[in-house]
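Only one structure is covered here, and it is reproduced in the block below.
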Amino acid sequence: MIILHAIGIILHYLITIYSWVIFIAAILSLVQPNPYNPIVQFLRNITDPAYHLIKKVIPTVYRNMDFAPLIVIIILQFIDLTLIRILVTL
C-alpha cells in the first residue's frame, strides 16, 4: 500500500512538471524563439513526442493554431485526477 501511494505521488509530480513544461513550450512557440537555443531544443525534444501521438489520432490545427499542447495537458490532468488518485487512495 505504501509503495502504491509513493508511486502515485511521484507520478503526480511528474505529470505536474510535464504539464508546466508543455505550457512553457506553448508560450515560447507563440513568440517564435531562436530554434538553435539549447533551452528551446530541450523543450521541443521533450514535448514533440506527446504532440505527435495526439496528432496521429486527431487533427489539432485549427485556423493556424495548434491545439496539441492543450489536448495533451487535458489528457494529463485527466490521468492525474483519476488513475493516480486511485493509486494514492488504495
Flagged in segment 17-32 as surrounded by 13 or more Cβ atoms within 10 Å (Cβ to Cβ) and either out of contact with any strand residue (DSSP E or B) (no Cβ under 9 Å at 6 or more places or on another chain) or among the aliphatic types (A, V, I, L, M) (or both), in numbering order, are 18, 19, 21, 22, 23, 24, 25, 26, 28
Please tell me if residue 23 is without any contact (Cβ under 8 Å) to a residue 60 or more places away in the chain, more than 18 Å from residue 73 (Cβ to Cβ) and out of contact with any His (no Cβ under 6 Å at 6 or more places or on another chain).
no
Would you say residue 87 is within 20 Å of residue 13 (Cα to Cα), surrounded by 12 or more Cβ atoms within 10 Å (Cβ to Cβ), free of Cβ contacts under 8 Å to residues at least 60 places away in the same chain and not basic (Lys, Arg)?
no
When you check residue 28 against the structure, is it over 17 Å from the mean Cα position of the chain (by Cα), of a type in the set (A, V, I, L, M, F, W, C) and either part of a helix (DSSP H, G or I) or at pLDDT 95 or above (or both), yes or no?
no
Restricting to segment 31-54, count the residues that are farther than 17 Å from residue 66 by Cα and either charged (D, E, K, R) or part of a loop (DSSP other than H, G, I, E, B) (or both).
4
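The values are calculated or read from the model by the stated rules, or taken from the named source; none is laboratory data. Please read all numbers here as calculations on a predicted model, not as lab measurements. Here the Cβ is made from the backbone with ideal geometry for all residues, glycine too, and neighbour counts use every protein chain on show.
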